[in-house]
Amino acid sequence: MNFCVTVCVAATVALAGCSSSSGVYRWVPFMGNGKKNQSQTATAKVDKKNPFGRISGPVYYGVEMRLKVIPDPIRLSDTRSLEVHLQLIDRSKKPINLFFNDSRKYDFILRDISGKKLAQWSDDQPVNQTPGYVIINPGERAEFVGNVSTRDMVGGRTYTLEALVVGYDKMREVMQLTPAGERAVPLPRPPRAGQQQPVPGR
């Protein structure tokens, strides 16, 4: 009797192991809510041959977002603006089509720790009302670049830099920045020959 039970259990396990003949494997947790709690980054398949390596940023609609700031580290005494790079990497197996209502495709917003906006890249950019689109093929990337002023930044304080894809509310990436140093303050010019030195209080 026990032998028959053992044979039946072994046959069931063997059949279950053969059910993944498609070659697509997915890790399923033994506890919890399973797929409901899996993030989009966790469910994206990593191609070891991908020239961009492993996924290091959030993934939305099959697109990984990476944010880079130049210079790094930030020294306010040497930096008047930040050069921000937003990379969109297609991590899926099909082309990704992003559609836009006008020429605005992306934006960068600098905020202080309280959330107050200090600078926004698009404020100085002209807008063309012609619709546009961006196509990213599998294993390729699109890169957007903009400059954000550091005029209102103070050394030692923490700020947030937000990068977003216009029209796609979920496609946002936030980075914290803590610049070092103080902004250089120009020294007063010496008086010209024959010019009297100003007297304080007058």
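Structural remarks
- Available extension along the chain between ASP124 and ARG141 is 3.6 nm, counting 0.36 nm per residue and deducting the alpha carbon span.
- Projecting the Cα atoms of PRO73, TYR106, SER56 onto the dipole axis of the range 39-177, where Lys and Arg carry +1 and Asp and Glu carry -1 at the beta carbon, places SER56 farthest toward the positive end.
- The fewest-to-most ranking of THR130, THR150 by surrounding Cβ atoms within 10 Å reads THR130, THR150.
- Here the extension length gained between ARG157 and SER77 equals 27.3 nm, from 0.36 nm per residue of separation less the Cα-Cα distance.
- Legend: ranking of residues SER103, SER56 from fewest to most surrounding C-beta atoms inside 10 Å; resulting order SER56, SER103.
- For the range 39-177, the relative contact order is 27 percent, taking Cα pairs closer than 8 Å that sit 6 or more residues apart in sequence and dividing their mean separation by the residue count.
- Spin-label pair ARG54/ASN101, simplified geometry with 7 Å Cα→Cβ offset, distance in nm: 4.0
- Stretch gain in nm, segment LYS68-MET175, where the contour uses 0.36 nm per residue and the Cα spacing is subtracted: 37.6 nm
- Going from the residue with the fewest nearby Cβ atoms within 10 Å to the one with the most, LEU86, LEU118 rank LEU118, LEU86.
Bear in mind these aren't lab numbers, they're just calculated from the coordinates by the rules spelled out. Keep in mind it's a predicted model, so treat the numbers as computed, not measured. Cβ atoms come from the backbone with ideal geometry, glycine included; neighbour counts cover every protein chain shown.
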